[in-house]
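Readers should treat all values here as calculations from the given coordinates under stated rules, not as data from a laboratory. A quick note: this is a predicted structure, and the numbers were derived from the prediction, not measured. Here the Cβ positions follow ideal geometry from the backbone for every residue, glycine too, while neighbour counts run over all protein chains shown.
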Amino acid sequence: MTTQTQTHNWDLIERMLHAVQNSAGQPFVPRRCAEELAEALQQAGQEVRDVDGLKAQADRYEATLLEGGFIESRPECEGGNGENFMLTPRGSQLLSMIDSTFPGEEHPREVLDQHGEAALTPDVFDGLAPKATLV
């Protein structure tokens with residue numbers, strides 16, 4: 001386990017990016033992602049004290065991901081309904097870096113956390129992404 005303080009809730013961001021990826025034809029609901037994460041953590045024996053705070057964090061991440069060019073509105077021809085998104089190339093890269101189903105996802109998360117809140121700004125992320133994928 002890392003001693004570096006985690007700046008972002010990467011598990012929530014990962015869950016949200018997967019939901020965006022699979023949201024064709026249905027609305028994207030970041031708060032549902034937060035609820036699902038809370039349930040998964042509780043099933044794993046971890047206490048989740050502030051589910052409402054987690055939901056608010058999901059709302060903030062939705063705005064950050066949209067503003068940072070990680071997600072964009074899904075076109076109608078690809079299942080867009082005005083309430084869902086799709087991953088941009090930057091969003092796909094972020095997901096591949098932090099995806100917990102792949103071994104070694106901790107290193108990119110640590111590299112991103114070293115840059116704090118700025119890690120999810122386009123200029124900082126684009127500069128970090130190549131470094132974060134090197135183990």
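Of the residues His18, His8, which is part of a helix (DSSP H, G or I) and either in contact with a Ser or Thr (Cβ under 8 Å, 6 or more places away or on another chain) or within 15 Å of Asp99 (Cβ to Cβ) (or both)?
Every option except His18 fails the conditions.
Looking at segment 71-114, which of the residues that are over 17 Å from Lys131 (Cβ atoms) and of a type in the set (Asp, Glu) is nearest to the chain's Cα centre (by Cα)?
My answer is Asp99.
Please work out if Gln42 is without any contact (Cβ under 8 Å) to a residue 40 or more places away in the chain, out of contact with any Leu (no Cβ under 7 Å at 6 or more places or on another chain) and not small (Gly, Ala, Ser).
Criteria met by Gln42.
What number of residues in segment 44-68 are surrounded by 16 or more Cβ atoms within 10 Å (Cβ to Cβ) and assigned to a loop (DSSP other than H, G, I, E, B)?
The total comes to 1.
In this structure, is Asp126 without any contact (Cβ under 8 Å) to a residue 40 or more places away in the chain, acidic (Asp, Glu) and surrounded by 12 or more Cβ atoms within 10 Å (Cβ to Cβ)?
yes
Taking Ala119, is it among the aliphatic types (A, V, I, L, M), farther than 19 Å from Asn9 by Cα and in contact (Cβ under 8 Å) with a residue 60 or more places away in the chain? Walk me through how you get there before you give the answer.
Working: among the aliphatic types (A, V, I, L, M): yes; farther than 19 Å from Asn9 by Cα: no; in contact (Cβ under 8 Å) with a residue 60 or more places away in the chain: yes.
It is false that Ala119 is among the aliphatic types (A, V, I, L, M), farther than 19 Å from Asn9 by Cα and in contact (Cβ under 8 Å) with a residue 60 or more places away in the chain.
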